[in-house]
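Structure, as structure tokens:
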Amino acid sequence: MCAASRHYGHAAPALPVGRVPALAVTLAVLLSACASQPSQRPVVATGTSTQATVHAPAIPGANDVLMRSLGLIGTPYRWGGNTPEGGFDCSGLVHFVFSDAAGLALPRTSQQMSEIPAPKIDRNRLTPGDLVFFGRKSAVSHVGIYVGEGRFVHAPNEGGTVRIDALDGHYWRDTYLFARRPLENRTAGGTTSGRAGR
């Protein structure tokens, strides 16, 4: 489960609801282009004093994960929840999306997910479908799915709903730890599975 969701002093500001459809359309177009080109595509990394071009791999299955996670925006938060009908906590959302959209069985808790044998990804090389982890020091307490443009989908806290937030948001920039790419692990022939639990 997500320990952080039970201890937020305040909720981080969410992406305005009116922007969600526009973001979803933009991401869908970008990922459709990725899916049609097996080669790598250049991405311009901004936010620094100099711009650098990096190559983000088109990861098979990322488009399905992205679309499924965006389709769950607005689902109520529920601690221990792992279905659209019953609601989600952070790891329940990730577990459901990867199982449903990619056929990938991830562990059930955010800490267990952070330990899967999948590549760790530098923050400036994140691509849609990567898992982003938050917490303090090495203690992971929250997980979300990166969707592009510096944003991620997650189930943030009690009383809230599945939503999109910015990695640079007030709470998230201070607690970001690292990211992993489970879809790359799957395509490389690895298996990612875990035990259910809390």
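The values are calculated or read from the model by the stated rules, or taken from the named source; none is laboratory data. Since we're looking at a predicted model, the values are computed, not measured. When we count neighbours, we look across all protein chains shown, and the Cβ atoms used for this are built from the backbone with ideal geometry, even at glycine.
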Note to self: Quick check on this structure: which one of LEU167, LEU93 is closer than 23 Å to GLY61 by Cα and surrounded by fewer than 19 Cβ atoms within 10 Å (Cβ to Cβ)?
What the structure shows: LEU167
Next item on the list: Return the only residue of LEU30, LEU106, LEU70 being modelled with pLDDT under 50 and surrounded by 14 or more Cβ atoms within 10 Å (Cβ to Cβ).
Entry: LEU30
Item checked: Condition check for GLU184: in contact with a helix residue (DSSP H, G or I) (Cβ under 8 Å, 6 or more places away or on another chain), at pLDDT below 95 and either over 20 Å from GLY71 (Cβ atoms) or assigned to a strand (DSSP E or B) (or both) -> no
Margin query: Cβ-Cβ distance below 7 Å, separation of 6 or more or different chains: which pairs start in region 67-93 with a residue that is within 14 Å of GLY160 (Cα to Cα) and hydroxyl-bearing (Ser, Thr, Tyr) and end on one that is at pLDDT 95 or above and not in a loop (DSSP other than H, G, I, E, B)?
Written below: THR75/GLY87; THR75/PHE88; THR75/THR161; TYR77/GLY87; TYR77/PHE88; TYR77/THR161
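Matching residues to (1) buried (at least 24 other Cβ atoms within 10 Å of the Cβ); (2) over 14 Å from LEU183 (Cβ atoms); (3) without any contact (Cβ under 8 Å) to a residue 12 or more places away in the chain:
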position: GLU115; (1), (2), (3): no, yes, yes
position: ALA118; (1), (2), (3): no, no, no
position: ASN124; (1), (2), (3): no, yes, no
position: THR127; (1), (2), (3): no, no, no
position: LEU131; (1), (2), (3): yes, no, no
position: GLY135; (1), (2), (3): no, yes, no
position: PHE152; (1), (2), (3): yes, yes, no
position: PRO156; (1), (2), (3): yes, yes, no
position: GLY159; (1), (2), (3): no, yes, no
Next item on the list: Would you check which residues across region 98-113 are farther than 11 Å from PRO182 by Cβ and not acidic (Asp, Glu) and list them?
Entry: SER99, ALA101, GLY103, ARG108, THR109, SER110, GLN111, GLN112
